[in-house]
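Enquirer: Just dropping this structure here.
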């Protein structure tokens, strides 16, 4: 009798919690279609930035043509390759770039409110939050439609947060959600290849792993060593997959360019070279000037063999590439 009453109560709670779900998803569908209609006439904002847009597109082009990132030069590896992999993947699937970014952003938001819905958040509030998220003014600005990494990075972060919420919800039910942990692992391993600053996600993921183990600890203590090893492997799957992706990408770069690195500005000898050059003292320092002409003159005298490199540097001038690019004029 008690079991029957309990089942009936559970069914009543389930029906009350899901009675308005169709209205929520209808509203979400309408908002997504409206957003896609709003941006349907938007084209990629072309900017021939040698360290950003042009670089990402060029590397994606060569990935599709010959499987490399293109001919090596001083700019090829100044940015992580994730966005170029995304562009090449879109081209293989035949998905336009603007549509891919818009769909990913919308799907990330849907994942997030789906996770919040598990916590019995008011459905009207969820729809309102989704609307504010989807129609964020930044997402209709022309910069959003440039081939930049930020739109992709933001969407990946939202998917990661949604996956974390799903995992924590299932932990309240005393079970581990392998599917959502796998989603988190795949998205995280790709996200850390998109922007250099996204290495901060390691800190977020570390705190999340500690929280998961702490919440799962009562069950974890009662498991056998084999089961514990399996749980730890699942929890730390994002770290392991990110490490595997890092190793694979370095192996790819080494195979094509001879050195196992894929970010010139943060690894290898170049950062050490710049640090050594900037350590030269000069009478006048300017935070907008990385290396002064006075410092270069001192280096020429101290290290004569470095003179050919200095001679190839463009002389300071209002007609130099940097000044022309940023429209700098003498005030």
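Enquirer: What is the one condition in (1) surrounded by 20 or more Cβ atoms within 10 Å (Cβ to Cβ); (2) under 24 Å from residue 42 (Cα atoms) that residue 162 does not satisfy?
Expert: The single condition residue 162 does not satisfy is (2).
Enquirer: Ok, one more. What number goes with the only condition from (1) surrounded by fewer than 11 Cβ atoms within 10 Å (Cβ to Cβ); (2) modelled with pLDDT under 85 that residue 50 does not pass?
Expert: (1)
Enquirer: From the list 123, 143, exactly one residue is within 30 Å of residue 60 (Cα to Cα) and over 16 Å from the mean Cα position of the chain (by Cα). Which is it? Break it down stepwise before answering.
Expert: Numbers: 123 fails: within 30 Å of residue 60 (Cα to Cα).
After applying the criteria, what remains is 143.
Enquirer: Something else about it: For the structure I just gave you, tell me whether residue 119 is in the same structural domain as residue 30 (by TED's automatic domain parsing), in contact (Cβ under 8 Å) with a residue 24 or more places away in the chain and exposed (fewer than 14 other Cβ atoms within 10 Å of the Cβ).
Expert: Numbers: in the same structural domain as residue 30 (by TED's automatic domain parsing): yes; in contact (Cβ under 8 Å) with a residue 24 or more places away in the chain: yes; exposed (fewer than 14 other Cβ atoms within 10 Å of the Cβ): yes.
Spelling it out, residue 119 is indeed in the same structural domain as residue 30 (by TED's automatic domain parsing), in contact (Cβ under 8 Å) with a residue 24 or more places away in the chain and exposed (fewer than 14 other Cβ atoms within 10 Å of the Cβ).
Enquirer: Taking region 171-182, which residues are within 15 Å of residue 118 (Cβ to Cβ) and crowded, with 20+ Cβ neighbours inside 10 Å?
Expert: Within region 171-182, just 180 meets the criteria.
Enquirer: Limited to region 1-42, what total is found for residues that are within 15 Å of residue 144 (Cα to Cα) and either loosely packed, with under 10 Cβ neighbours inside 10 Å or at pLDDT below 55 (or both)? Spell out the reasoning first.
Expert: The initial filter retains those residues of region 1-42 that are within 15 Å of residue 144 (Cα to Cα), namely 35-36, 38-42.
Going one step further and asking which of them are either loosely packed, with under 10 Cβ neighbours inside 10 Å or at pLDDT below 55 (or both), we end up with 41.
Of the residues in that region, 1 qualify.
Enquirer: Test each condition in (1) within 16 Å of the chain's Cα centre (by Cα); (2) surrounded by 16 or more Cβ atoms within 10 Å (Cβ to Cβ); (3) within 16 Å of residue 32 (Cβ to Cβ) for residue 86 and report the one that comes out false.
Expert: (3)
Enquirer: How many residues does region 247-260 hold that are surrounded by 15 or more Cβ atoms within 10 Å (Cβ to Cβ) and either more than 20 Å from residue 55 (Cβ to Cβ) or under 19 Å from the mean Cα position of the chain (by Cα) (or both)?
Expert: 3
Enquirer: Taking the condition of being under 14 Å from residue 68 (Cα atoms) and modelled with pLDDT under 85, how many residues in region 229-257 meet it?
Expert: Within region 229-257, residues that are under 14 Å from residue 68 (Cα atoms) and modelled with pLDDT under 85 number 0.
The values are calculated or read from the model by the stated rules, or taken from the named source; none is laboratory data. Everything numeric here is computed off the predicted structure, so don't read it as measured data. Every residue, glycine among them, receives a Cβ derived from its backbone with ideal geometry; neighbour counts consider all protein chains shown.
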